[in-house]
Amino acid sequence: MTRMKGIEAFKPLIGAESVERIKSKAAMVDDMHVVHVNSTFYGGGVAELLSSLTILMNQLGVRTGWRVIQGSPDFFSITKKMHNALQGGGIRLTQLKKDIYERVVEKNAMRNHFQDHDLVMVHDPQPLPLIQHYRRRCPWVWRCHVDLSEPHEELWDYLKQFVSQYDATIVSTRGYTRDLDSPQLRFHPALDPFDSKNVEMGEKEITGRLEHYGIPTDRPLVVQISRFDKWKDPEGVVEAFKKAREEVDATLVLLGNIATDDPEGERVYQSLMDCREERIIILSKQDTSLVNALQRRAAVVVQKSIREGFGLTVTEAMWKGTAVVGGRAGGIPSQITDGENGFLVDSVDECAERIKQLIGDESLRQRLGEAAIETVRENFLLSRLAEQHLDLMGSFHSEFTLEGMSTCRVNGGD
Ligand code: UDP
């Protein structure tokens with residue numbers, strides 16, 4: 001099992017010197033105990049990231065735990081509204097909503113004890129107010145994965161009272177830093193190349209997976225893989241595909257899942273059902289090998305998001321050397337340089353044009369795909385993210401300060 005080799009397995013990808021550097025940084029903080037807190041074990045990029053990162057950190061000898069807060073359906077309905085409003089949507093921020101939010105987090109605080117930890121990392125808005133229920137013995141960092149470029153003002157003012165109690169905030173990309181007195185760092189997310197979602201797959205295996213789900217392989221595949229969420233613009237993808245299909249023949253596959261902390265998913269999924277046709281396939285399956293197979297076999301992977309914290313699905317498709325068309329939103333332009341390793345689009349029409357162009361031009365797909373693999377190898381592998389966490393821990397190791405951070409920039413851009 002390659003996975004169990006931990007950081008050693010990254011040698012062919014990042015070189016022996018980088019692996020040794022990461023190991024020695026880990027050795028300097030292996031007496032520290034870290035805990036991550038978020039709101040779902042499954043569905044979405046954060047769960048994906050924590051699942052791989054916490055294992056790799058433990059393999060590096062750093063005790064790293066992961067806790068998931070619990071909540072009632074009304075709590076998750078409120079936090080999803082907050083998530084939407086942080087990304088620029090509207091919200092009616094009533095006292096009742098605030099009370100439910102804070103009360104559920106308080107109950108979670110009563111159940112969760114952070115006594116012998118040396119660093120607590122709290123992810124996203126759902127568990128954010130946890131901090132106010134503890135006598136702090138170690139640094140607390142808020143890791144925000146959502147697009148914070150234009151948050152709903154009243155909501156941000158409300159949440160800021162919690163955010164400003166943290167020792168630092170980490171955001172996913174340039175443009176998400178806010179008006180805070182505490183330091184703000186930028187950690188791009190990253191993928192685990194040894195996860196079953198990303199490992200090599202043979203052509204036969206890929207075909208087998210697709211056939212298992214009745215996905216036709218006789219025409220080029222256009223694929224979007226995303227939580228069923230309006231910000232991922234699945235309807236825009238269907239529209240763009242229909243326009244492209246006026247000139248090229250292809251099959252569209254929209255594969256999605258519904259995170260346990262996202263009560264809107266089911267509605268978005270159901271609303272897409274009417275779009276289904278022989279060549280428009282909409283699936284909700286929990287199968288990482290199917291994700292892998294689709295991202296590998298696709299002629300074009302689309303991620304036509306309107307808002308996007310980072311977009312790990314973009315990274316995953318790029319790693320497989322597949323041409324990606326991404327919405328010019330949030331973290332996607334941090335990964336795609338238009339025309340070099342993929343395409344960025346601003347509208348349904350542009351998306352349709354790029355789909356057509358790519359389906360008709362295999363050498364273009366190959367050129368973009370090769371550049372995309374290099375982009376991910378250099379920037380978006382889990383080893384880099386682990387090193388940033390080790391640097392963060394190192395900076396907190398002896399005292400409560402962020403001095404000495406090497407790979408993170410404070411209040412920095414890309
Ligand atoms: N994903 C999946 N199955 C699906 C849809 C999504 O496994 O049907 C995974 C996808 O491969 C990626 C993650 O969920 O690893 C989504 O992360 P991303 O950052 O793209 O979006 P988020 O859901 O966090 O907004």
Which translational diffusion coefficient, to the nearest whole µm²/s, is obtained for the stretch 165-323 from the Stokes-Einstein equation, given a Kirkwood hydrodynamic radius over C-alpha pairs, 25 °C and 0.890 mPa s? 144
As a percent rounded to 5, the proportion of antiparallel DSSP bridges among beta bridges in the chain is 0
With a 27 Å threshold on alpha-carbon distance, the violating pairs from K81/K285; K285/K320; K23/K285; K197/K243; K80/K285; K81/K304 are K23/K285; K197/K243
Ranked by how many other beta carbons lie within 10 Å on average, peptides 120-130, 295-305, 10-20 from highest: 295-305, 120-130, 10-20
Taking protein heavy atoms only, a 1.4 Å probe, and rounding to whole percent, the accessible area of the stretch 309-357 owed to carbon and sulfur comes out at 39
Write down the accessible area per residue of the stretch 205-335 in Å², having rolled a 1.4 Å probe over the full set of protein chains. 36
Along principal axes, Cα extents of the chain, largest first, whole Å: 63, 54, 36
Alpha-carbon centroid distance for the pair the stretch 289-356 / the stretch 140-203, whole angstrom: 20
Using a cut-off of 12 Å between beta-carbons, work out the net charge of the residues near N108 (Lys and Arg +1, Asp and Glu -1, N108 not included). +2
Using only the alpha-carbon atoms of the stretch 1-86, report the extent along each of the three principal axes, biggest first, to the nearest angstrom. 49, 28, 27
Taking all protein chains together and a probe of 1.4 Å, list K204, K80 from the most accessible to the least accessible. K204, K80
By the gyration tensor of its Cα atoms, with a ≥ b ≥ c the square roots of the eigenvalues, what is the shape of the stretch 243-296: rounded for a/c under 1.5, prolate for a/b over b/c, or oblate? oblate
Debye log10 I(q)/I(0) at q = 0.09, 0.12, 0.17, 0.20 Å⁻¹ for the stretch 11-169, Cα point scatterers: -0.34, -0.58, -1.04, -1.33
Give me the percent of the accessible area of the stretch 1-70 that comes from carbon and sulfur atoms, probe 1.4 Å, all protein chains in place. 58
Mean separation of Cα pairs under 8 Å and 6+ residues apart, divided by the residue count of the chain: what relative contact order is that in percent? 17
Estimated 222 nm signal from helices in the chain, with DSSP H stretches of n ≥ 4 weighted -39500 (n - 2.57), rounded to 500: -12500 deg cm²/dmol
How big is the accessible area of T177 in square angstrom, nearest 10, if you roll a 1.4 angstrom probe over the protein chains? 50
Pull out a ≥ b ≥ c, the square roots of the eigenvalues of the alpha-carbon gyration tensor of the stretch 292-355, then state rounded if a/c is under 1.5, prolate if not and a/b is larger than b/c, and oblate in the remaining case. oblate
Express the Stokes-Einstein translational diffusion coefficient of the stretch 218-271 in µm² s⁻¹, to the nearest whole number, given a Kirkwood radius over alpha-carbon pairs, 37 °C and a viscosity of 0.692 mPa s. 274
Solvent-accessible surface (1.4 angstrom probe) belonging to D233, in square angstrom, nearest 10: 30
When the C-alpha atoms of the stretch 253-365 are aligned to their principal axes, what extent does each axis show, in angstrom, from largest down? 38, 32, 29
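The values are calculated or read from the model by the stated rules, or taken from the named source; none is laboratory data. Nothing here was measured: the structure is a model prediction, and the numbers come from that model. Every residue, glycine among them, receives a Cβ derived from its backbone with ideal geometry; neighbour counts consider all protein chains shown. Each accessible area value is taken on the protein alone, full model and side chains, heavy atoms only, with ligands, DNA and RNA left out. Shrake-Rupley method; radii C 1.70, N 1.55, O 1.52, S 1.80 Å.
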